[in-house]
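Colleague: Just dropping this structure here.
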Amino acid sequence: MDSYWNHNTAFHDELIADAKLRGGRVLDIGCGDGLLLQRLSPCVPQVIGIDPDHTAIALAQRRLAAISNVALINSDFLTVPVPMQEEQYATVISVATLHHMDLRSALLRMRQVLAPGGRLLIIGLAEDKSLMDLVISGSLLLPIRIMDRIHGGIGNPKVRISAPKETLREIRQVAKEILPGAKVRRRFYYRYLLSWDKPLE
């Protein structure tokens, strides 16, 4: 299956480089058609992708059929049992998926499945509600359109689309409660990066 570029895959290289530093097991929440899993597989010992969409998982199975260190789970992340500590993940990644779930429940579960010393990396979307949000997003419109043209346009696989519900401020507030020390920063392509290192226990 072919590769493609869009506002989510634009962050793949950065996420892969970060996960490669730790090695170990990596979980991709909302793995879609498996492109990030495919790219991660040469860099870490084991990659697990989870997605509730049957069509997406079928596409991922086709893409990853010849790769031995990737496993797929067709289920809702919030209902999957929390693994034993020895099976927890060194890196947990979520790209454009968090806004499909209940924010608080999802961050709690991500914290639970992450191994001590591991890192959570979320590329997410937030709703623009305040005047500042709208001004910032408006100022990015032209630069983003230019980058889209440079990359030859946006490739959009068949995935479930949902509008974000929480603002960046609201996401920061919940993250501060559940993931003390988490960093939430605006990024290009109308995205934010939430990163959190789980303390050694």
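Colleague: Would you please name the residue that is most open to solvent (accessible area, probe 1.4 Å), looking only at residues in region 80-97 that are assigned to a loop (DSSP other than H, G, I, E, B) and in contact with a helix residue (DSSP H, G or I) (Cβ under 7 Å, 6 or more places away or on another chain)?
Modeller: Going residue by residue through region 80-97, those that are assigned to a loop (DSSP other than H, G, I, E, B) are 80-84, 88, 96-97.
The next check asks that each one be in contact with a helix residue (DSSP H, G or I) (Cβ under 7 Å, 6 or more places away or on another chain); those that pass are 82-83, 88.
Details: VAL82: 65, PRO83: 28, GLN88: 30 Å².
So, considering only residues that are assigned to a loop (DSSP other than H, G, I, E, B) and in contact with a helix residue (DSSP H, G or I) (Cβ under 7 Å, 6 or more places away or on another chain), the one most open to solvent (accessible area, probe 1.4 Å) is VAL82.
Colleague: Limited to region 70-79, what total is found for residues that are in a loop (DSSP other than H, G, I, E, B) and either surrounded by 21 or more Cβ atoms within 10 Å (Cβ to Cβ) or touching a Ser or Thr at 6+ places or on another chain (Cβ under 8 Å) (or both)?
Modeller: Here is the first cut: in region 70-79, the residues in a loop (DSSP other than H, G, I, E, B) are 75-76.
In the following step, the residues that additionally are either surrounded by 21 or more Cβ atoms within 10 Å (Cβ to Cβ) or touching a Ser or Thr at 6+ places or on another chain (Cβ under 8 Å) (or both) were identified as none.
Within region 70-79, residues that are in a loop (DSSP other than H, G, I, E, B) and either surrounded by 21 or more Cβ atoms within 10 Å (Cβ to Cβ) or touching a Ser or Thr at 6+ places or on another chain (Cβ under 8 Å) (or both) number 0.
Colleague: Here's a follow-up. Hey, any hits in region 105-115 for a residue that's part of a helix (DSSP H, G or I), β-branched (Val, Ile, Thr) and within 15 Å of the chain's Cα centre (by Cα)? First the steps, then the outcome.
Modeller: Going residue by residue through region 105-115, those that are part of a helix (DSSP H, G or I) are 105-113.
So of that shortlist, the ones also β-branched (Val, Ile, Thr) come out as 113.
Next cut, within 15 Å of the chain's Cα centre (by Cα) only: 113.
Checked against the condition, which is being part of a helix (DSSP H, G or I), β-branched (Val, Ile, Thr) and within 15 Å of the chain's Cα centre (by Cα), region 105-115 yields at least one hit.
Colleague: Among the residues that make up region 123-133, is at least one of them in contact with a strand residue (DSSP E or B) (Cβ under 6 Å, 6 or more places away or on another chain) and basic (Lys, Arg)?
Modeller: Taking every residue of region 123-133 in turn, none turns out to be in contact with a strand residue (DSSP E or B) (Cβ under 6 Å, 6 or more places away or on another chain) and basic (Lys, Arg).
Colleague: Look at region 157-193 and say how many of its residues are farther than 20 Å from LYS129 by Cβ and of a type in the set (Val, Ile, Thr).
Modeller: 2
Colleague: Go through region 11-26 and give me each residue that's open to solvent by less than 70 Å² (accessible area, probe 1.4 Å) and more than 17 Å from PRO83 (Cβ to Cβ).
Modeller: PHE11, HIS12, LEU15, ILE16, ALA17, ASP18, ALA19, GLY23
Colleague: To continue, here is another question. Going residue by residue through region 52-59, is there one that turns out to be surrounded by 23 or more Cβ atoms within 10 Å (Cβ to Cβ) and at pLDDT 95 or above?
Modeller: In the first step, residues of region 52-59 are kept if they are surrounded by 23 or more Cβ atoms within 10 Å (Cβ to Cβ); the result is none.
No - not one qualifying residue is present in region 52-59.
The values are calculated or read from the model by the stated rules, or taken from the named source; none is laboratory data. Bear in mind that the values here come from a model prediction, so they are computed numbers and not experimental data. Here Cβ is always computed from backbone atoms with ideal geometry, including for glycine, and neighbour counts include all displayed protein chains. What goes into the accessible areas is simple: the full protein's heavy atoms, side chains included, and nothing from ligands, DNA or RNA. Shrake-Rupley method; radii C 1.70, N 1.55, O 1.52, S 1.80 Å.
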